[in-house]
Amino acid sequence: MMRRLPLKELPRYECLIEAAQLYPELDPSACEVYLNLIHIVDLLSEKEEAYLAKYDLSQARFVVLKLLSIAEEGSVKSSDIADRAAVSKATMTGLLDALERQGLIERIIGKEDRRVIFVKLSKKGKSLLARMTPGYFKCISQMTSVLREEERKRIVASMQKIKTELARKEQSSK
């Protein structure tokens, strides 16, 4: 994930109203929502990164390990993992190189086509996931524990609404 320049504190709403005087396109409440979303994502990411760092993992490496752990056949084409993780094949190669150096995955050359590389979790990778995953889910659950269940559902519904509209606009611009 490309890190943004985090804000130590967000601009006050009054500042957004003043800025709207200069920039009529600026909707202060929309801007306030956006800035808060960006800020909370940065704070959540910092906490997640701190937890994963205890296991010498980045978020991207963890995602690859989790994708491999749910693979039905035990090994997956590296290109399929790249697709599922929504990263380029080059990025995936770098992630797999790092995970292989750590001994967390194994690469297997395709029998029918030697250009095809399959990847699977090593015993060490399975063991690491078994040890760290419960704590990971506890960590991310604690980050939103201040919210009641109905508040969480409203937030998820609101974010889904934004996501759907962004996808619709993306499709219509093509």
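Just a few scattered comments:
- Cα-only Debye scattering, the chain: base-10 log of I(q)/I(0) at q = 0.14, 0.15, 0.16, 0.19 Å⁻¹: -0.96, -1.05, -1.12, -1.30
- Exposed GluC sites (Glu not before Pro) absent - longest run of the chain, DSSP non-H/G/I/E/B, at most 13 other C-beta within 10 Å: 113-174
- Length added when fully stretched, Ser75-Asp97, from 0.36 nm per residue minus Cα-Cα: 6.3 nm
- Solvent-accessible surface ranking, highest first, for Cys139, Cys15 at 1.4 angstrom: Cys15, Cys139
- Solvent-accessible surface (1.4 angstrom probe) belonging to Asp27, in square angstrom, nearest 10: 80 Å²
- In this label model, Glu18 and Gln160 are separated by 4.0 nm, measuring between points 7 Å along each Cα→Cβ vector.
- Projected label points at Thr133 and Ala85, each 7 Å from Cα along the beta carbon direction, are separated by 1.7 nanometres.
- DSSP-loop trypsin sites (Lys or Arg not before Pro) across the stretch 48-90, with at most 12 other Cβ within 10 angstrom: Lys54
- Calculated accessible area for the stretch 59-174 comes out at 70 Å² per residue, all protein chains present (probe 1.4 Å; ligands, DNA, RNA ignored).
- For a straight C-alpha distance cut-off of 27 angstrom, the lysines reachable from Lys124 (same-chain residues fewer than eight places away being disregarded) are Lys47, Lys54, Lys66, Lys77, Lys89, Lys111, Lys138.
- Cα-based shape type of the stretch 73-174, given that a ≥ b ≥ c are square roots of the gyration tensor eigenvalues and the cut on a/c is 1.5: oblate
- The chain: calculated mean residue ellipticity at 222 nm from DSSP helix runs of at least 4, using -39500 (n - 2.57): -21500 deg cm²/dmol
The values are calculated or read from the model by the stated rules, or taken from the named source; none is laboratory data. Quantities reported herein were computed from a predicted structural model and do not represent experimental measurements. Note: ideal-geometry Cβ built from the backbone for every residue, glycine included; neighbour counts use all protein chains shown. Just so you know, the surface numbers come from the protein's heavy atoms only, side chains and all, with ligands and any DNA or RNA stripped out. Shrake-Rupley method; radii C 1.70, N 1.55, O 1.52, S 1.80 Å.
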